[in-house]
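Before any comments, here is the structure.
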């Protein structure tokens, strides 16, 4: 099942069916599969980079506590993320189906003309799926303490918050990419997903989307990426064997992030999407 | 000259003098030297990451052309950077002597109480040195075409601009870090810099700050970092030997970036700072 050909496997992009007809529809599908697969793998790098960058700063927990900001109730991180999203909305960020706001209510319309949307690839129900509140919670409460050192430097709050936002956006993009994954899979084997969708059977859909052996490979790959990208690079070639030492983040955090949150939440997005995939 | 001990060398942190007295002042200085050296090396990683992330998107040149935005004259990148800096200023980003705005005029004061500044490490003249207009120009006009593919995806302008901003801020932080480098060097050997400063002799200062052999080492190191961080990571160990293949950015771009812009401009900042170092 996990025996994908040469490219590294992705849990979501393992074919269920074995249809290998060469119709035009199949040709188009292959392009999508390849694009989705490449994007998922590339996004692993972005997530690793963003965590390594955040690890430059201590926990700076004052950022996450409510404070007095004129005209705003909440924490500094909430303020920065919300205000950044307002700005990004003005320049059309959320016109892309790959982007999801953490504070989507009342975002302004783009100030600039945005390109006419190409024919929608996703089903219309996609726009109603946003699990960023879950991502926000696990990132701040569970993930952050795993890879930042306790401490408060009192001067880097803005830069720390920008790193948090980069992490949050990278995770949000990756997890919500489940919509594209689900659409590609559905098009690949509608006969396989149809009955579970019509029965609104979450468990059956989750089973269809789960490939434990492939998930293990992904966890190993992201751990290796964290080790490679967070190593101390030295011109002395001999030092390269000792990558595990002096890593800027513990590589196992990436494996755990994918195993406990990224892959389960991507599957949740896929299930939510598929449940509505046949809605008129 | 370049024979620093075990740590990888930095062009700016090669001692000119050979004073090895163990006074308290010298002890303090060693802490600073180590901190500055580590920061410079760590910032190489941030710069490499930010360029690799920007390379995900095509050139998207529409971002850099003047357009109609209500209440604003300029390009979309100018709008996004300026508005982001206004937000970051409100949360105290520019209270840190390591941060410099690209549009510093009229930035708002922080909305939150910022920590009382610790005794200034830098001379007061530091705050008047900001060469971001030069950084902006070389980044957009010369660097960007070296590592992005020609093209316009029409939908990722906001995300592309965020990547540009991350690159610009990482470069700005690294280049203006020359202030700290210069201060550490001056404290290390005031008798060496004093005459050139009093004579306001730029050329003599530039000569004191230039170590060509060490600069070559830095260029090699950042090229190696670009290769390692932008490689396709595969679980198959055998593939690792072929890192140069499939790099997401051409590693030589990093070497060129450091050789043509980062190190010369850091030295320019150092000269500007030292010229004012003895001002009352």
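Data for the structure
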quantity: So residue A:193, is it touching a residue at least 12 places away in the same chain (Cβ under 8 Å), surrounded by 14 or more Cβ atoms within 10 Å (Cβ to Cβ) and within 14 Å of another protein chain (Cβ to nearest Cβ); calculated: no
quantity: Residue match in the range B:64-76 (condition: touching a helix residue (DSSP H, G or I) at 6+ places or on another chain (Cβ under 6 Å) and touching a residue at least 24 places away in the same chain (Cβ under 8 Å)); calculated: yes
quantity: Count of residues meeting criterion [in a loop (DSSP other than H, G, I, E, B), at the interface with chain B (Cβ under 7 Å from one of its Cβ atoms) and crowded, with 19+ Cβ neighbours inside 10 Å] in the range A:52-103; calculated: 2
quantity: Selection count where residues are farther than 23 Å from residue B:220 by Cα, in contact (Cβ under 8 Å) with a residue 60 or more places away in the chain and more than 8 Å from chain B (Cβ to nearest Cβ), scope the range A:221-236; calculated: 1
quantity: Filter result (within 11 Å of chain B (Cβ to nearest Cβ) and farther than 30 Å from residue B:229 by Cβ) within the range A:196-220; calculated: none
quantity: Subset tally (residues that are at the interface with chain A (Cβ under 10 Å from one of its Cβ atoms) and surrounded by fewer than 22 Cβ atoms within 10 Å (Cβ to Cβ)) for the range B:167-182; calculated: 2
quantity: Test result for residue B:111, part of a loop (DSSP other than H, G, I, E, B), at the interface with another protein chain (Cβ under 8 Å from one of its Cβ atoms), touching a residue at least 12 places away in the same chain (Cβ under 8 Å) and closer than 30 Å to residue B:160 by Cβ; calculated: yes
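No lab work stands behind these numbers, since they all come straight from the coordinates. Quick caveat: nothing in here was measured; it's all calculated off a predicted structure. No Cβ is skipped: glycine too gets one built from the backbone with ideal geometry, and neighbour counts run over all protein chains shown.
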